[in-house]
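Step one of this worksheet: look at the structure below.
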Amino acid sequence: ALLGTLMGASGPADRAMAALASLPLPEGAEKDRRRLTDTLALLRVAAPGLTVTIDLVEHRGFEYQTGLSFTLFSREAGELGQGGRYRAGVQGDDTGEPATGFTLYMDNVLRAVPAASAPKRVYVPHGTGWAAAGKLRAEGWVTVAGLAPAADPVAEAKRLHCGHRLTDGVVQPVE
């Protein structure tokens, strides 16, 4: 009956926690319930819009885990990672140091975040003063300095993968 109740309670955090609070639990499980309640409260403060679901019977089969475990999901990229509590430095008893560890699946994490835009690169011809290049960097440009005079500044800017060039103190697109 208890397992059925736990399975039925899994889902949105508020519903799962209400069901869990109504169950008589042994002291070890009660400690985990309190930790889960505290963790959920911290998550709500840190990220009020975060959707949290709780699976009260999830167990990945990691024998070393000693308490709460978690899985991070994204609507865009699926499972982002997982982790949980364990005791560090021991095998098979409760004398180790309490710890929490997790693994992130970077291929999925990278799919979940927006792609970074390419930096704006500007070719700064040889002989341009440091102050002019510094001003451009302060404005958000990536400056690529010419190391020698270039016969064709446009071709040099293209060769250096710059979309812009500095000409007479003015940034111009490379055509």
Hull surface divided by four, with the convex hull built on the Cα atoms of the stretch 22-175: how many nm²? 16.1
Suppose every K and R has +1 on its Cβ and every D and E has -1 on its Cβ; what is the size of the dipole of the stretch 1-145 about the Cα centre, in Debye to the nearest 20? 820
Let a ≥ b ≥ c be the square roots of the eigenvalues of the Cα gyration tensor of the stretch 117-175; is it rounded (a/c under 1.5), or, if not, prolate (a/b larger than b/c) or oblate? oblate
Helix-only CD estimate at 222 nm, as mean residue ellipticity for the chain, using -39500 (n - 2.57) per DSSP H run (n ≥ 4): -10000 deg cm²/dmol
Cα centre as origin, Lys/Arg/Asp/Glu Cβ charges: the stretch 85-175 dipole, Debye: 240
Ranking P98, V109, H161 by how far each Cα lies towards the positive end of the charge dipole of the chain (+1 on Lys and Arg Cβ, -1 on Asp and Glu Cβ), the top one is H161
Full-stretch length increase - A18, T5 - with 0.36 nm per residue and alpha-carbon distance subtracted: 3.5 nm
Classify the stretch 1-57: rounded, prolate or oblate, from the alpha-carbon gyration tensor (a ≥ b ≥ c, eigenvalue square roots; a/c under 1.5 rounded; otherwise prolate if a/b is larger than b/c)? oblate
Quick check: pseudo-label points 7 Å beyond the Cα along Cα→Cβ at K135 and D168, how many nm apart are they? 1.5
For a quick check: with amide H placed at 1.01 Å from N, whose amide H comes under 5 Å from R121's, ignoring anything fewer than 5 positions away on the same chain? V142, G163, H164
Let's test the formula: R0 of 45 Å, r as the Cβ-Cβ distance of V45 and H161. What FRET efficiency results, to the nearest 0.05? 0.50
Please state the shape class of the stretch 1-111: rounded when a/c is under 1.5, otherwise prolate if a/b exceeds b/c and oblate if not, all from the C-alpha gyration tensor. oblate
Out of G140, G11, G96, any idea which swings most in a Gaussian network model of the chain, alpha carbons joined below 10 Å? G140
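Each value in this text was obtained by applying a stated rule to the coordinates, not by laboratory testing. Just so we're clear, the structure is a prediction, and the values are computed from it rather than from any experiment. Every residue, glycine among them, receives a Cβ derived from its backbone with ideal geometry; neighbour counts consider all protein chains shown.
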